[in-house]
1. Can you name the residue in segment 22-43 that is of a type in the set (Val, Ile, Thr) and out of contact with any Asp or Glu (no Cβ under 8 Å at 6 or more places or on another chain) and is also surrounded by the most Cβ atoms within 10 Å (Cβ to Cβ) among such residues?
2. Which number in (1) more than 8 Å from the chain's Cα centre (by Cα); (2) modelled with pLDDT of 95 or more; (3) hydroxyl-bearing (Ser, Thr, Tyr) marks the one condition that residue 2 misses?
3. How about segment 18-58: which of its residues are of a type outside the set (Asp, Glu) and without any contact (Cβ under 8 Å) to a residue 12 or more places away in the chain?
Amino acid sequence: MTDLPKTGAPATRALVNAGYTQLEHLTRATEAEILALHGMGPKAMSVLRRALQERGLSFRDG
């Protein structure tokens, strides 16, 4: 089960395969680390950034 926001299938697979199954897991990673995952792109990053901000969270500073 995941609470990740809806992104494209490649981005979702990339996150789940890297162990990020919950939005809060993303706070342990920098934006650069997530963007480096195969399947992640600018649109998916924007969706993730917005979802984190809505919960008062953010990516780890890098």
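The values are calculated or read from the model by the stated rules, or taken from the named source; none is laboratory data. Treat the numbers as computed from the prediction; the structure is a model and nothing was measured. Glycine also receives a Cβ, built like all others from the backbone with ideal geometry; neighbour counts cover every protein chain displayed.
1. Here is the first cut: in segment 22-43, the residues of a type in the set (Val, Ile, Thr) are 27, 30, 34.
Within this subset, residues satisfying the condition of being out of contact with any Asp or Glu (no Cβ under 8 Å at 6 or more places or on another chain) are 27, 34.
Working: 27: 13, 34: 21.
Filtering first and then ranking leaves 34.
2. (2)
3. To start, the set of residues in segment 18-58 that are of a type outside the set (Asp, Glu) comprises 18-23, 25-30, 32, 34-53, 55-58.
Selection gives 19, 25, 35, 36, 42, 46, 53, 56.
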